[in-house]
Amino acid sequence: MFLQRIRVILFLLTLTSAVFADRPDAHAPITVMGDHTHKNNEWMISYRLMEMNMADLYDGDSKISHNDISDYMMAPIEMKMKMHMFGAMYGLNDKHTLMFMMPYLENNMTMINLMNKSKSKMKSEGFADLKVADLIDLSYKNWQNSLELGFSLATASVKESYNGVRLPYRMQLGSGTNDLAIGFTGTRYFSKNSIGYQIKSLIRLGQNNQGYSLGNQLTLGSWHAYNFTNTLSSSFNVTYLDEGNIDGKDNAIESAMMSSPTRESGLAGRKLLSAAIGLNYVFKREKLHNSRLALEYKFPLYQKLNGPQLGTENIITIGVQQSF
């Protein structure tokens, strides 16, 4: 009996990723993108709704009050960013999968006049930069691995204004540069659970036509998922983000009459360590077969900002995926 159980375990550990395709944890937490590949001629379309809430001013890893930044005329109170992410994946063959992502942003920021304490709002809305990538299947033994090679294309506006005034850097819709995206993801499955990790970098290529480039980004993440049933799994995800300062500056942003830390290119870098809990649900009924529903709640464990700068409060993401 003991030897038979050992054989079963070894058999499960050496199965290919296709065997796990119907498991609820076959896909990573919904905020992890580019985690899996598809077979030849297989499609997957997806939609994600992400809402990020930012509040409280930070300088380094310490919270500060608006009274601590009297050198400025305006300061941010809060920012809400809603992103609609439309995605598609297509298996060119069993080794290469094309991935497309088109975000649509809704940005809203509340400011306070530090002299008279009056509040004002600003907003921007529109499509962000188009992202395209090739996911290369590099699975080896018990690990399902993929290499991501792609670009974030400068398709979005970096000249957004509100009431005739150029909006701050964080309120712009794109980077204005064609950026290189490189990532590596690995996942290993067990009988009831799975583990995974992802390393991604976004490298800015040159400056945009406004005279600046956003900071490079490095993201490190790992997760553990547990299957409660054959349709429902939970996940715990830890992510570290390191984003550099803006290189150069947009004179139209920084020469605005009302000075604000949101308009300084040197106050954009950040280091953010976050944790997240999530759920993945896979539908088994015939009409909804290969459909998935997922959600995740992310919150900061530690953040260090080149401030004064708004800190992250929480990020809530819900998504649906359909393969065919």
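Values quoted throughout were computed directly from the atomic coordinates according to the rules given, and no laboratory measurement underlies them. None of the values given here were measured: they were computed from a predicted structure. Heads up, the Cβs are rebuilt from the backbone with ideal geometry, glycines too, and the neighbour counts pull from every protein chain shown.
Run the dipole for the chain about the Cα centre, Lys and Arg Cβ at +1, Asp and Glu Cβ at -1, nothing else charged, and hand back the magnitude in debye, nearest 20.
Dipole size: approximately 840 debye.
Would you list the P(r) distribution for segment 96-177, with all Cα-Cα distances sorted into 10 Å bins from 0 and each bin expressed as a whole %?
Histogram of Cα-Cα distances, whole percents per bin: 17, 31, 22, 16, 10, 4, 0.
Quick check: the distance between the Cα centres of segment 236-261 and segment 40-95, to the nearest angstrom?
One Cα centre to the other: 13 Å.
How are the C-alpha pair distances of the chain spread across 10 Å bins, as whole percents from the shortest bin up?
It works out to 6, 24, 32, 21, 12, 5, 1, 0, in whole percents.
How about segment 26-98: which trypsin sites (Lys or Arg not before Pro) there lie in a loop by DSSP and see at most 16 other Cβ atoms within 10 Å?
Filter output for segment 26-98: Lys39, Lys95.
Take peptides 135-145, 304-314, 193-203 and line them up by average Cβ neighbours within 10 Å, highest first, as a rough protection proxy.
Packing proxy ranking, top to bottom: 304-314, 193-203, 135-145.
Would you mind pulling out the separation of the Cα centroids of segment 198-228 and segment 270-296, in Å?
After rounding, the separation between the Cα centres reads 21 Å.
Hey, with R₀ at 45 Å, roughly what FRET efficiency would Glu286 and Thr110 work out to, going by the Cβ-Cβ distance, to 0.05?
0.40
Arrange the peptides 165-174, 69-78, 280-289 so that the one whose residues have, on average, the most other Cβ atoms within 10 Å appears first.
Numbers: 165-174: 21.6, 69-78: 16.4, 280-289: 14.0.
Ranked from most to least packed, the peptides come out as 165-174, 69-78, 280-289.
With 29 Å as the limit, write out which pairs from Lys119/Lys304; Lys192/Lys287; Lys95/Lys298 have Cα-Cα distances beyond it, or answer none.
Lys95/Lys298
Which aspartates and glutamates, if any, have their Cα less than 15 Å from the Cα of Lys80, not counting same-chain residues under 8 positions apart?
Leaving aside aspartates and glutamates fewer than 8 places away in the same chain, those within reach of Lys80 are Glu51, Asp56, Glu106, Glu125, Glu313.
Starting from the Cα of Ala55, step 7 Å along the direction of its Cβ; do the same at Asn163; then give the gap between the two resulting points in nm.
The answer from the label model is 2.3 nm.
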